[in-house]
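Encoded as structure tokens, the structure appears first; notes follow it.
The values are calculated or read from the model by the stated rules, or taken from the named source; none is laboratory data. This structure is a prediction, so every number in the text was calculated from the model and none was measured. Positions of Cβ are backbone-derived with ideal geometry, glycine not excepted, and every protein chain shown enters the neighbour counts. Quick note on the areas: whole protein, heavy atoms, side chains included, nothing else; ligands and nucleic acids left out. Shrake-Rupley method; radii C 1.70, N 1.55, O 1.52, S 1.80 Å.
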Amino acid sequence: MRKLTRCLFSVLLLLPQTMTASEPVKNGCPVVKLQMEQLPDLNIPRAGHVSFIVNGEMVVAGGHTDGFVPTPTAEYYKNGKWHTMQMTYIHDFALSVVLKSGKVLLAGGSEQPTGIGQTYTAELYDPQTHTFMGFGNMQRKRAGFSGLEIDSGQVVIAGNWYHTDDIELFQEKLSEKGDHSLRQSFTYIKDVAVQRSCPYIFRMAGNDALIIGNCGTKGDSLHTTIADRLRGDSVHIPLFKTWQPLFTGAHNDAESFIGDEAKNDYTYLLPVQNATGQVAVARVCGTDISLLPTAYPVPMEGIGKKIYYLYIVADRQVGRAYLVGVEDDFYSNAEVRYYVLSIDYVHPSKDGALMTLYYTDPLPVMPGYPSVLTPEGNLLMTGGLINSSNFTPSKSVYLFRVGRDPVNDHAGISRWLVPLLILVALLLACAYLIIKYRKRCPTASMEPEISDTDTAKALMERISKVMEEQKLYQNSELKLQDVAAALGTNRRFISDCINSQAGCSFTQFVNTYRIEHAKRLLLKNVNQKMADIYHQSGFANETTFFRTFKSVTGMTPKEWLNKS
């Protein structure tokens, strides 16, 4: 029976990868290919724009077009095509807030091409007439900032890019003249304790808000536990000692709300990251911020590559949140896969929220603004960057069909359950016949009878030997399949062996070799250019090299060299 089990397990691992509609990663999270549809292109290529759904229509506004030049145009999608509109001002890397009144506030953004400067200007979009009305200026010129409407109808505004940050409020109210006209205005409220760009803004009561973030106004990384409040003094958040809010640029905080205003429940979901790079999801309820229990850790590796997570979109109708990401090496590749981690925060198992990781085929575009949740519960992504360059925006529009099927997260497993049962039965029969044949032919080639532990150790020795002798780690695009091909085995064997014997992922395992090689180069020639060192060590870019070096050694290359 032991032979039969081993034989069956080996054959199952050799199944074609294309048959795995749902394959568990090492932490147990199901992996399912995402159904996707490409909609008609935008009329104008754009990135750095804002997008929203209002009055049942998808709208994109502002941003920049070819050559990194701001465009004073917007488009709405109706009857299967995009219709262009003229805006009052340009708004590149700006703010948009869908108001309870049905209108949309657009404000600020870069003043010049290539994302330089900031602007004061603001306008309102009326979806009923498809028109824009400019009405005035903010108290401070801003770009790379955030806004959120509170229960009073006022909009809290904070954050800035390469300019001073503070808090101000936008409000629209009836004119005191009694002529039933509306008057729009911005009011300075107070300075902030921490200067930030693209902060997260969450309601913590009907008319109060919490402002957090870990990116300074010049893109510098902040490691602070301090959060600002609209009303009241700044506060310290204990969780931020070990988990920092994820900085991903633009995000729509209203999309991450999972509470219930009618019950005075102001709860949001926030992506966070620790010093090792592990991402998690935090539940934010006022100043009470704690990790959301999940059945397993957030997967950090997708189809052979690390995942770079971006933002959260919540669908309160079904109690699922979507943590959206892309492949980590998007700067060095023309095409990248998208990932959508579905998190069932309403119906957790005994171990926490269940998750499913969806992935797409590689796409030739990087996101230019967070995806928007459609009325049907799908995610819509508009525009973006071709070759990860702001000078070449895209016209593409993609619909990610996550849907609202209550069993959607495990549809892949259900779809393949019957075929898999049939396949298992056939494999058992084949295994039985193979064993009978071998008993009749004792001279036939058979694998030696060694324990599973011995087999794993032997394979680990072969993996280490080929890494050292052939220096496979110097290939910045090294994949599991490359190592498997070098050893004449299956990539799943390689992955499982590294997980069990080295206690880490394939990427972490390879990076240890890369860092050791980088150390040798640093000691060999202290004057060697850092670019030469990380290229020769197998890293695709400087950012990944520095992040990995510090993660492995706890120091930057320069700090390590000074102590060596």
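Points worth noting:
- Kirkwood hydrodynamic radius over Cα pairs of the stretch 525-564, then Stokes diffusion coefficient at 37 °C and 0.692 mPa s, in µm²/s: 316
- Net charge, Asp165 excluded, C-beta distance under 12 Å - Lys, Arg +1, Asp, Glu -1: +2
- Kirkwood radius, the stretch 187-313, all distinct C-alpha pairs, inverse of mean reciprocal distance: 15.3 Å.
- Spherically averaged projected area of the stretch 304-407 from its Cα convex hull (nm²): 6.9
- Column: log10 I(q)/I(0), Debye, Cα scatterers of the stretch 276-349, q = 0.12, 0.13, 0.14 Å⁻¹: -0.38, -0.44, -0.50
- For the stretch 131-260, the solvent-accessible area of protein heavy atoms averages 42 Å² per residue (probe radius 1.4 Å; ligands and nucleic acids excluded).
- Rg(Cα)/(2.2 N^0.38 Å) for the stretch 221-264, N = residue count: 1.42
- Where Phe93, Phe506 fall by accessible area, highest first, once all protein chains stay in place (1.4 Å): Phe93, Phe506
- Compactness of the stretch 449-564, expressed as Rg and Dmax over alpha-carbon positions, Å: 15.4, 54
- Solvent-accessible area of Asp41 with every protein chain in place, 1.4 Å probe, in Å² to the nearest 10: 80
- The apolar share of the surface of the chain, taken as the fraction of accessible area on carbon and sulfur atoms (1.4 Å probe, ligands and nucleic acids excluded), comes to 54 percent.
- Surface accessible to a 1.4 Å probe, Lys465 within the full protein complex, Å²: 120
- For a paramagnetic label modelled on Ser234 (point 7 Å from Cα along Cα→Cβ), amide N atoms under 17 Å away belong, within the stretch 250-294, to 287.
- Estimated from the Cβ-Cβ distance and a Förster radius of 60 angstrom, the FRET efficiency linking Phe546 and Thr129 is about 0.75.
- Spin-label model distance (nm) - Glu261 vs Glu516, 7 Å beyond Cα toward Cβ: 5.8
- Stretching the chain fully between Asn562 and Leu487 yields a gain of 23.1 nm (0.36 nm per residue, less the alpha carbon separation).
- Efficiency of FRET from Cβ geometry, Leu426 and Lys81, R₀ 51 Å, rounded to 0.05: 0.55
- Alpha-carbon Rg with Dmax, taken over the stretch 36-146, Å: 13.4, 42
- Computed over the stretch 237-379, Cα set: Rg, Dmax in Å: 14.9, 47
- Counting only Cα atoms, the size of the chain along its three principal axes is 103, 60, 44 Å, in decreasing order.
- Crossing angle, helix 491-501 versus the chain [Cα axis fit, 0-90 degrees, rounded to tens]: 90
- The chain: calculated mean residue ellipticity at 222 nm from DSSP helix runs of at least 4, using -39500 (n - 2.57): -7000 deg cm²/dmol
- Added length on full extension, which subtracts the Cα-Cα distance from 0.36 nm per residue, Asn43 to Asn274: 79.1 nm
- Distance-filtered residues of the stretch 316-359 - backbone nitrogen under 16 Å, label point 7 angstrom along Arg401 Cα→Cβ: 358-359
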